[in-house]
1. Please verify whether residue 62 is hydroxyl-bearing (Ser, Thr, Tyr), closer than 28 Å to residue 15 by Cα, at pLDDT 95 or above and surrounded by fewer than 20 Cβ atoms within 10 Å (Cβ to Cβ), treating the condition exactly as stated.
2. How many of the residues making up the stretch 5-23 are in a strand (DSSP E or B) and farther than 25 Å from residue 181 by Cβ?
3. Report whether or not residue 120 is within 22 Å of residue 31 (Cα to Cα), touching a residue at least 40 places away in the same chain (Cβ under 8 Å) and acidic (Asp, Glu).
4. Against the definition (touching a residue at least 60 places away in the same chain (Cβ under 8 Å), closer than 24 Å to residue 223 by Cα, touching a helix residue (DSSP H, G or I) at 6+ places or on another chain (Cβ under 7 Å) and β-branched (Val, Ile, Thr)), how does residue 7 come out, yes or no?
5. Here is a check on your reading of the model: is residue 55 over 17 Å from the mean Cα position of the chain (by Cα), aliphatic (A, V, I, L, M) and crowded, with 23+ Cβ neighbours inside 10 Å?
6. Please pick out the residue among 215, 195 that is surrounded by 13 or more Cβ atoms within 10 Å (Cβ to Cβ) and either modelled with pLDDT under 90 or out of contact with any Cys (no Cβ under 7 Å at 6 or more places or on another chain) (or both).
7. Can you tell me which residues in the stretch 68-119 are part of a loop (DSSP other than H, G, I, E, B), surrounded by 17 or more Cβ atoms within 10 Å (Cβ to Cβ) and not β-branched (Val, Ile, Thr)?
8. Counting just the residues of the stretch 120-146 that are farther than 30 Å from residue 165 by Cα and touching a strand residue (DSSP E or B) at 6+ places or on another chain (Cβ under 6 Å), which one comes out surrounded by the fewest Cβ atoms within 10 Å (Cβ to Cβ)?
Amino acid sequence: MKPLVIIPARGGSKRLPGKNIKPLKGKPLIHYTIEAAREVFDDSVICVSTDDESIKKVAEQTGIRVPFLRPESLATDAADSRSVLLHAYNFYKQARSYVADTIVLLQPTSPLRNGTHINECLKLYDEEVDQVLSVKETDSNPYFLLFEEGEDGYLKKVLSGDFTRKQDCPTVYEINGAIYIINTKSLLSSDTLVFSRTKKYVMNKESSIDIDDEFDFNLAEFILRR
């Protein structure tokens, strides 16, 4: 395997400004993911992709070198993750003659994911799959979710079924955003990150915390301090 580990950290967070470098239990949030990546991979294949000088500076406090600043076109709300991954892949291919056959995407908003999780996820990966991604068992089973249909505002079930208890429903998973291991061939041949040959790596609820807002941040802080 020739991996390229990409940690995407955009500067323009709106729900929680500056979240990628916000101190979590006294340490910048992005440091947790850099440290987790270093438990498994060499610094030479770890790429922090950011558009923000402040994030670059804070990331480099760990001793890791941020190789570029992402173009403005890849730092907007409309920029998609696939384009960010391809930008980093092409940079390493052209500037360093390093052609990765596997992309490992680690989002900095998952501070409770660690090197053990990454290694366990890697064990599920082989060249026959498009992707292995981390998931958690969903709290909101779709057989008990409702949506409003029509002008009358009546509620309907998202999925029809005769289940009366949640524990009787099929187990359903949701992507937790912590780990994506992607076959580069699949990435290059598709225009999306939704692949047909995808395997799951199941993480528990606590390790799956994905920081999107102040509540998530405070919850992660509480767990780490506990």
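The values are calculated or read from the model by the stated rules, or taken from the named source; none is laboratory data. Everything numeric here is computed off the predicted structure, so don't read it as measured data. In this analysis, Cβ positions are derived from the backbone assuming ideal geometry, glycine residues included, and neighbour counts consider all displayed protein chains.
1. In short, yes.
2. Of the residues in the stretch 5-23, 1 are in a strand (DSSP E or B) and farther than 25 Å from residue 181 by Cβ.
3. For residue 120, the condition - within 22 Å of residue 31 (Cα to Cα), touching a residue at least 40 places away in the same chain (Cβ under 8 Å) and acidic (Asp, Glu) - is met.
4. Numbers: touching a residue at least 60 places away in the same chain (Cβ under 8 Å): yes; closer than 24 Å to residue 223 by Cα: yes; touching a helix residue (DSSP H, G or I) at 6+ places or on another chain (Cβ under 7 Å): yes; β-branched (Val, Ile, Thr): yes.
So residue 7 fits the description; yes.
5. yes
6. 195
7. At the first step, the residues of the stretch 68-119 found to be part of a loop (DSSP other than H, G, I, E, B) are 68, 70-71, 75-80, 96-101, 106-114.
Now drop any that are not surrounded by 17 or more Cβ atoms within 10 Å (Cβ to Cβ), which leaves 70, 75, 79, 100, 106-114.
Selection gives 70, 75, 79, 100, 106, 107, 108, 110, 111, 112, 113, 114.
8. That would be 124.
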